[in-house]
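Encoded as structure tokens, the structure appears first; notes follow it.
Please treat every number below as a calculation from the coordinates, not as lab data. Since this is a predicted model, take the numbers as computed values, not measurements. Heads up, the Cβs are rebuilt from the backbone with ideal geometry, glycines too, and the neighbour counts pull from every protein chain shown.
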Amino acid sequence: MTSELRKAEAKALPRFSPNTDIIEQQDGFHIYMDMPGVAKKNLVIDLKENDLEISARAEHPRMEGVSNVHLEFGDCEYTRSFTISDVVDRENIKASLKNGVLEMFLPKAEKAKPRKIEIQAG
Amino acid sequence: MVIDFSSFYNLPRELDRFFDETWRPSTISQRRNAYPPVNISEDKTNIYVFSEIPGVEIEDIDITLSDGSLVIKGNRKHGTGSYYRQERPTGLFQRVVNLNVSINPDKVSAKIKDGILEIVIPKADEAVPRKISIKAQ
């Protein structure tokens, strides 16, 4: 019975929407997502048309022979998707995973960057 | 608006969050009401404390052992620019873990990987359970 339960749990990990910051800077958008416990190999970023989909799996190493005194987090899945507009230069999206934070940089397309219009004296 | 979030009050997400918070998986014994969340395990010789602290370098985390309690302190910095969305917690945090056994404070080790802080605290010799062999007469 317990082993069956354990199997069922292994299949359906709890799913969370990761905490996300979206910051606009002059050069583009920075998206930061908290994903503690996610290794690079367990992270998938998909860009389909206008949808940027991020899914990841956090795995915590199981320790043998220990008793768990107090648990507040565990293995889980993170999923979240964003819609991006034409302002973003899709070819140059960069992503890096460091210290459990996924950082994505979405540069603005050249045509969307603010520019000064010079006025010619007539 | 450049990134489209469908609606300002993102109701489906709020509902999701509500259910996330209410029905924690059965393996999780306590609700997450303090930051950062910690997991505590022990075996015969060590106490293991794990904590989810993403985006913070080990140098910026202050771990102190005092009088039977472990204190994890740190600061989460935030970026600059105009925020479209801010959900990640920022600022100073502190969490106190009470240890009810005597420990060996000189051999505590800590490391951080993928945003998970791992602290290994060896128990003091007198706290390690010992088998006493009884001789049959």
Taking r as the C-beta separation of B:Asn104 and B:Asp60 and R0 as 35 Å, the FRET efficiency to the nearest 0.05 is 0.85
For the pair A:Asp75 and A:Met63, the simple spin-label estimate (label points 7 Å beyond Cα toward Cβ) gives in nm 1.8
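How charged is the neighbourhood of B:His78? Take every other residue with its Cβ under 10 Å from the Cβ of B:His78, and add Lys/Arg as +1 and Asp/Glu as -1.
Taking every Cβ under 10 Å from that of B:His78, the sum is +2.
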For the pair A:Phe105 and A:Lys48, the simple spin-label estimate (label points 7 Å beyond Cα toward Cβ) gives in nm 2.8
Computed about the Cα centre, the charge dipole of chain A from +1 Lys/Arg and -1 Asp/Glu charges at the Cβ has a magnitude in debye, to the nearest 20, of 180
Of all trypsin sites (Lys or Arg not before Pro) in region B:91-137, the ones in DSSP coil with at most 12 other Cβ atoms within 10 Å are B:Arg130, B:Lys131, B:Lys135
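Between rounded, prolate and oblate, where does region A:29-79 land on the alpha carbon gyration tensor, with a ≥ b ≥ c its root eigenvalues, rounded for a/c under 1.5, else prolate if a/b exceeds b/c?
Cα axes put region A:29-79 in the prolate bin.
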The Rg/Rh figure for region A:1-110, Cα atoms and Kirkwood Rh, to two decimals is 1.09
Taking r as the C-beta separation of B:Asp16 and A:Arg115 and R0 as 35 Å, the FRET efficiency to the nearest 0.05 is 0.30
Mean separation of Cα contacts under 8 Å (at least 6 apart) over the residue count of chain A, i.e. the relative contact order in percent, is 28
Taking only the alpha carbons of region A:79-122, the radius of gyration and the largest Cα-Cα distance, Dmax, both in angstrom, are 16.3, 58
Region B:60-102 and region A:75-122 have their Cα centres apart by a whole-number Å value of 30
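If we count GluC sites (Glu not before Pro) as exposed when they sit in a DSSP loop and have at most 13 other beta carbons within 10 Å, what is the longest stretch of chain A that avoids them all? Can you show the working numbers first?
On the way: sites that count: A:Glu49, A:Glu64, A:Glu118.
Excluding the exposed sites themselves, the longest stretch runs over A:65-117.
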To the nearest 10 degrees, the tilt of helix A:2-11 (Cα long axis) against the first principal axis of the alpha carbons of chain A is 10
Links exceeding 23 Å between C-alpha atoms in this model, out of A:Lys41/B:Lys107; A:Lys98/B:Lys123; A:Lys98/B:Lys111; B:Lys73/B:Lys107, come to A:Lys41/B:Lys107; A:Lys98/B:Lys123
Amide H contacts under 5 Å for A:Lys98, restricted to residues at least 5 apart in sequence or on another chain and with H modeled in the peptide plane, are A:Glu103
Expected sort for A:Thr20, B:Thr90 with the fewest Cβ neighbours (10 Å cutoff) up front is B:Thr90, A:Thr20
